[in-house]
Amino acid sequence: MLLSLFLAGFLAAAGSDRAEDRLWRLYEKRDFFSLQHDLTAASRADSARLRFLRAQTDAAFGLYEESSRILRGLLQTKLLDGPLERTACERLMLNERALFHYRAALAAIAPIKQNTSLRNRAKLLLALQDVPRELSSVSGPVTLRPDRFGAVQALVNGAALHLGIDTAANLSVLSRSAARRAGLRIRPAGYRVRLANGAAVAADVAVAQLGLGAAAELSNVVFLVLPDSALRIGTRTMDGLIGLPELSQLGGIQFRGDGAIVLNASPAAKITEPIALIEGDPVVQAMRGPERILCRIDTGSNRTVLYGKSRTRMAASFTIAGRTIHLRHPVWRPSANQPFVTCSLGRDALRQIEPYKLNLRTMQLRLN
């Protein structure tokens, strides 16, 4: 009898370890959709590693406060080993930054800021630690008409600028000349930013009011201020970009078939797909034949990029929520550039599912 009980307990423990290992493999691939599905309800018996996975998954779906609560408990009780402790501190910092708590974000990485990448992020947070939390007011639907470059007219501290709507931008951005035209005080930061072409530049920061249409206004908006050359496309220099932190404050954002963008759009839709944040980028699930793939949503790019072995002469097709997207000549790049996603959906692909709505607060993609 005792032997039977021992074997039952041993097998149960082994099964639990195997299940946790499987969840850990999903995390290593940043497959938060599968993690969210497979994680069981929280229990006091959960291991530190399992609680860590739960915190990472909560953050991927915008549940920053819940994620931070778990991480603080793990860090205070010293339940994580060195590498996991560093990752937990970094995740706590990113959670607080997403909540616009810049001083708290800086404090989160104080124990480990000797890490090279975190020293760079600390420069940004040091320049912002006295900035109040961002506030937003959207009193009704706001219709914006992008120009041929995809930029919309916005007011930055009352100055008219043209800014792109870029879901793949982790922070909003202004060119230095645009920041000066808006009369902004530029705060030195020396924050190193890597551009899409691989070049690295030093960015400073500015804080401003952002107005969109007659009924949408955000205050205490943080803009990275980049050299004009970093925002030059051909012979044109962009004024800047509205990035993910601000887009998440604007409710449902509808991209219509006539090119218009509607802020605070009605949530009504036939199909709803979840969005997860992977390495700070909004990602949806898609199907390429029988294969499930993860695709980044990049409204700031004209072209869709596929990652993997180059197949430049091959067309590509995949589906999102049953809608087919067909690309005749997609751009291919090595998978090392984006190890966790298979494609980055640009406007050429996204137009094929219009009208669609993004809500980056509730983390949903809605299709009519």
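General observations
- Identified option (computed Rg and Dmax of the Cα atoms in Å; candidates [x] 22.6, 93; [y] 20.1, 59; [z] 21.9, 82): [z]
- Measuring nothing but how far apart in sequence close Cα pairs (under 8 Å, 6+ apart) lie, relative to its length, the range 135-262 scores a relative contact order of 35 percent.
- Alpha-carbon centroids, the range 127-158 and the range 40-77: separation in whole Å: 33 Å
- Computed FRET value (nearest 0.05) for Leu126 with Thr324, which takes r as the C-beta separation and R₀ as 56 Å: 0.70
- Rounded to the nearest 20, the size of the Cβ-charge dipole of the range 212-308 about its Cα centre is 340 debye, with Lys and Arg at +1 and Asp and Glu at -1.
- Check: the chain dipole with +1 on Lys, Arg Cβ and -1 on Asp, Glu Cβ, in debye: 780 debye
- Take every pair of alpha-carbon atoms less than 8 Å apart whose residues are at least six positions apart; their mean separation over the length of the chain yields a relative contact order of 14 percent.
- Residues Arg194 and Arg288, FRET efficiency given R0 of 35 Å [Cβ-Cβ distance, rounded to 0.05]: 0.80
- For the chain, with +1 on Lys and Arg beta carbons and -1 on Asp and Glu, the positive-most of Gly243, Val305, Tyr27 along the dipole: Val305
- Residue separation of Arg148 and Lys78 scaled by 0.36 nm, minus their Cα-Cα distance, works out to 19.9 nm of gained length.
- With Cα atoms, 0 to 90° folded angle of helix 48-60 axis to the chain main axis: 20 degrees
- Percentage relative contact order, the range 45-130, counting C-alpha pairs under 8 Å, at least six apart: 22 percent
- Rg over Rh for the range 47-114 works out to 0.93, using Cα positions for both radii and the Kirkwood form for Rh.
- Compared with the direct C-alpha span, the chain from Leu155 to Arg185 gains 9.2 nm at full extension, assuming 0.36 nm per residue.
- Calculated on alpha-carbon atoms, Rg and Dmax of the range 70-208 in Å: 17.7, 54
- Helix 64-76 axis, angle to the chain major axis (alpha carbon atoms, nearest 10°): 50 degrees
- Each Lys and Arg contributes +1 and each Asp and Glu -1, all at the Cβ; summed about the Cα centre of the range 108-180, the dipole is approximately 280 debye.
- Between the C-alpha center of the range 165-194 and that of the range 80-122 there is a gap of 22 Å.
- Rounded tilt (10° steps) of 116-128 against the dominant C-alpha axis of the chain: 50 degrees
- Relative packing of peptides 82-93, 137-148, 160-171 - highest average C-beta neighbours within 10 Å first: 160-171, 82-93, 137-148
- Estimated FRET transfer efficiency (Arg86, Thr40; beta-carbon r; R0 22 Å; 0.05): 0.25
- Here the extension length gained between Ala215 and Ser229 equals 1.8 nm, from 0.36 nm per residue of separation less the Cα-Cα distance.
Bear in mind these aren't lab numbers, they're just calculated from the coordinates by the rules spelled out. Please read all numbers here as calculations on a predicted model, not as lab measurements. Counting neighbours? That spans all protein chains shown, and the Cβs are built from the backbone with ideal geometry, glycine included.
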